[in-house]
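Notes for the one structure printed next.
Throughout, read-outs are computed from the coordinates displayed, never taken from laboratory work. All of these numbers come straight from a predicted model, not from anything done at the bench. Heads up, the Cβs are rebuilt from the backbone with ideal geometry, glycines too, and the neighbour counts pull from every protein chain shown.
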Amino acid sequence: MKAPLDTLRSLLVEILTWCSGIAYVVLLYVVVLNTGRELTGMRLLLALSPSVLLLPLVLRRPLPALVLLLTASFAATVSADSAMAAGQGAMGIVPPAHTQAWQIAYLQAVLTDLIVGWIAATRSRLTATVAALAALGMQIGGASYHREGTSSFLTASAFLALMMVTAWTVGYSARERRQHTATLRARVAEQAVTAERLRIARELHDMVAHSIGVIAIQAGMGRRVIDTQPSEARNALAAIEDTSRDTLAGLRRMLGALREADPGDGAPLGPVPALADLGALVQRTQDAGVRVDIDWRGERRPLPPEIELSAYRIIQEAITNVVRHSGADACRVTVDCREDDLSIEITDEGCGLSGLPGAAGYGQTGMRERAALLQGDFTAGPRPEGGFRVAARLPVPAAVT
């Protein structure tokens, strides 16, 4: 609800706007009656100057402004024609084709077309069409006062119609472009939201799937040896505790980022995982009973964060599949930092995923999407010599190399 001061201010602006429009009509009438010669040079500028007073009303109330302008234009055309004929008749001169009347009419026609174009750009197509037809009808009606003869009248009417159609088309095109731009912006925003949701889903899947896989392995091992080897069961429980804490910390950071909390309101969000964090990943996997050998090739150098994160998540998901599905006790990770791309390969000698119809699930889909988002390549499948192979190639921007 508006405050009383805001309501008073809006009312005052509305009153001043209408007063400005009425002042335009008065000044136009004064100019028409006091300009007895042809409108050229400064006299033309004098006749156009009152139109500035109509601008506030056009911006706030374009339809009433159009009605006011049409009424004033028609009255000015008739008055100019009558005044010109009376003045020249008193001097015994034959009026030369209603000179001043058609000049006033065409000046007002230009202003009318501009307002119609503004209406077409800011109002619905039906409203703009009705306004254009009404304005054109009034202009053609006024043409009979400054054009004599059928041919001259038809020419003036066709010219006025062409101007009106042009103004309407330009205004409507501007409206269509504005709506198209708004639609594109909304679509881009929706795509950004969808992409962010997919990213979050991948992050949650990669984080939780790996941790749950390790916890499941450790829990099973601890259950089997709790009676015979209490120390091994204790180690398994410790691994479960560490993995759970790391996962919970990661979830807290992600939820904190989603809530866009102030840095002072909670724990720091922390950096996203990168290739430098593979050591901790390898340690957790070894605690689950699977040895991971990492082979670094090429020159190790800083890479863009999105490439570091995607490479880490692909390796994490591939190792998780090895722990959960392959039955292998070891796997090999090869990270090759080339000049223009980063190559990743994860191989094992287990049974692979061929015997597990739902094993690939969202994991391989997420890895493939991560590579595709970076314009890279991804392949996954059984090896001819046995086992399973996951490979990805992520291009490195030229500015980084």
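A few remarks follow.
- Derived scalar couplings between HN and Hα for the range 375-392 equal 6, x, 10, 9, 9, 8, x, x, 8, x, 7, x, x, 9, 9, 10, 9, 9 Hz in order, rounded to whole Hz, by the Karplus curve 6.51 cos²θ - 1.76 cosθ + 1.60 (θ = phi - 60°), x for Gly and Pro.
- Cβ-derived FRET efficiency at R0 56 Å, Arg187 paired with Gln286, nearest 0.05: 0.75
- Subtracting the Cα-Cα distance of Thr194 and Val130 from 0.36 nm times their residue separation leaves 18.9 nm of extension gain.
- Vicinal HN-Hα couplings computed from phi for the range 118-132 (Karplus, 6.51 cos²θ - 1.76 cosθ + 1.60; Hz; Gly/Pro x): 5, 5, 5, 7, 10, 10, 5, 5, 5, 4, 5, 5, 4, 4, 5
- With the simple spin-label model, which puts each label point 7 Å out from Cα in the Cβ direction, the Ala161 to Asp340 separation comes to 6.3 nm.
- Backbone geometry of the range 11-27 corresponds, through the Karplus equation with coefficients 6.51, -1.76 and 1.60 at θ = phi - 60°, to 3J(HN,Hα) couplings of 5, 5, 5, 5, 5, 5, 5, 5, 4, 5, x, 5, 4, 4, 4, 5, 5 Hz, x marking Gly and Pro.
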